[in-house]
1. Within the stretch 76-96, can one find any residue that is in a loop (DSSP other than H, G, I, E, B) and surrounded by 11 or more Cβ atoms within 10 Å (Cβ to Cβ)?
2. Kindly indicate the residue of the stretch 252-268 that is surrounded by fewer than 23 Cβ atoms within 10 Å (Cβ to Cβ) and at pLDDT 95 or above and also farthest from T24 (Cα to Cα) among those meeting that condition.
3. Of all residues in the stretch 152-169 being assigned to a loop (DSSP other than H, G, I, E, B) and surrounded by fewer than 17 Cβ atoms within 10 Å (Cβ to Cβ), which is modelled with the highest pLDDT?
4. Failed condition for E21, given (1) of a type outside the set (F, W, Y); (2) under 18 Å from L251 (Cβ atoms); (3) buried (at least 16 other Cβ atoms within 10 Å of the Cβ); (4) out of contact with any Phe, Trp or Tyr (no Cβ under 9 Å at 6 or more places or on another chain), with all others met?
5. Do any residues in the stretch 239-251 that are within 14 Å of S30 (Cα to Cα) have Cβ atoms under 6 Å from those of residues that are among the hydrophobic types (A, V, I, L, M, F, W, C) and in a loop (DSSP other than H, G, I, E, B), where the two are at least six apart or on different chains, and which pairs are they?
6. Which numbered condition in (1) of a type in the set (V, I, T); (2) touching a Lys or Arg at 6+ places or on another chain (Cβ under 7 Å); (3) not in a helix (DSSP H, G or I) is the only one that V104 fails?
7. Condition first: in contact with a Pro (Cβ under 9 Å, 6 or more places away or on another chain), at pLDDT 95 or above, over 28 Å from D197 (Cβ atoms) and crowded, with 17+ Cβ neighbours inside 10 Å. Can you find one or more residues in the stretch 41-57 that meet it?
Amino acid sequence: MAKPRRPIETLPEAHFDFRREHGTHRFTLSSGERVTAVSQPSWQAFVASAARMGNPGDYLLTPELITVSPEPTPAEFPQVPAMLESRHDKMRILSRWWPDAILVLGSLTLDTPRPRNELLFLQGGQITGHNPKLPYLASEAEVFHQAYDPSEHQQPNRTTVGMICSDLLFHSKEGGEQITMLHRNLAAEYVDPIGPDVRTLLVSAAWITPYIPGIRPEQEGVRFIDPLQYAVRNLMDRHPGIQDVVMADQLSPGTPASGPVNFHAQRA
C-alpha cells in the first residue's frame, strides 16, 4: 500500500517565479549563477530567440524535444536523422559564442531500438554528455521501451542535474513508489543522480499534467501548477542540498493550458 501523501504545508518552503509565456526568461540561482530558459514551441522560434538573446550566463536551458519541434509528420520521418545532425551542429556553433556557458538541449536519440528523448550538454562547441529520459511507467497508457543503463545518465557537472519533464515527478517520489514505476526489475540498477553535492535541477519539459481524477479541465492551477509545486518541495525535503529548480517548457500541442509552464523555484 502506498504511503499517504504528506501535506504540502509540512514540506520546505520555496519561492516560485512562474513565467507563463513563450520567450527568453532569465533567472539567478542561489549561488549567483545565471540560467537563461528559452521557451518556444518550435525549433525555428527557438533559434530566432537564441540568436538575439545575448550572453545566457552560466546555463542555457531549452524545452524537451526542441530539436524535433513541431513533431515531424510521417512523410518527414526519413529526413529526421539528417535534420537532427544539422541542428546539433548549429548548437555546437551557438555554444562557441559563449564558451563558458553550458547548453542543456532537449533532443532525440535514434541510436536505440526506439527513439528516446534525451538531453545533450554542450560547452565550447563540443557535446560533453547526454542524459536519456528514464524508462518508467508514467501512466497506465505508457509502454516500456528501453532498459535503464546508469552509465548513460551523465550530468553537466557535480552540482547540477539535468532532467526531462516527468523525471522531476519521478525523483520526487518515495523509493517504494519509484520501484513500481521502473522498467521490469531494473530498480536494483537505478542510481539516483541527486547526490549530496547537487544544488540545482534544470528541467527540460514539454509539460503535460498527470491525470488527476475529479479535476475539471478548467482547473488549470490544480492540473498544471500544484503537481509541480508539490514535487519540487518534496524533492527539497528529501534532498536538503537542492536550492534551485528551473524548468523550460514548450507547451505540448493539445495540452489544455493557457501557456507554457516555465518557472524558477528557490528554497526559502
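The values are calculated or read from the model by the stated rules, or taken from the named source; none is laboratory data. Treat the numbers as computed from the prediction; the structure is a model and nothing was measured. So basically every Cβ, Gly included, is an ideal-geometry build from the backbone, and we count neighbours across all protein chains shown.
1. No: zero hits.
2. So the residue we want is A268.
3. By that ranking, first place goes to T159.
4. (3)
5. What qualifies is G241/V198; D244/L29.
6. Result: V104 fails condition (2) only.
7. yes
To keep it simple, each residue is scored yes or no on (1) in a loop (DSSP other than H, G, I, E, B); (2) touching a Cys at 6+ places or on another chain (Cβ under 9 Å); (3) modelled with pLDDT of 85 or more.
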{"position": "N117", "(1), (2), (3)": "no, yes, yes"}
{"position": "L120", "(1), (2), (3)": "no, no, yes"}
{"position": "A147", "(1), (2), (3)": "yes, no, no"}
{"position": "H171", "(1), (2), (3)": "no, no, no"}
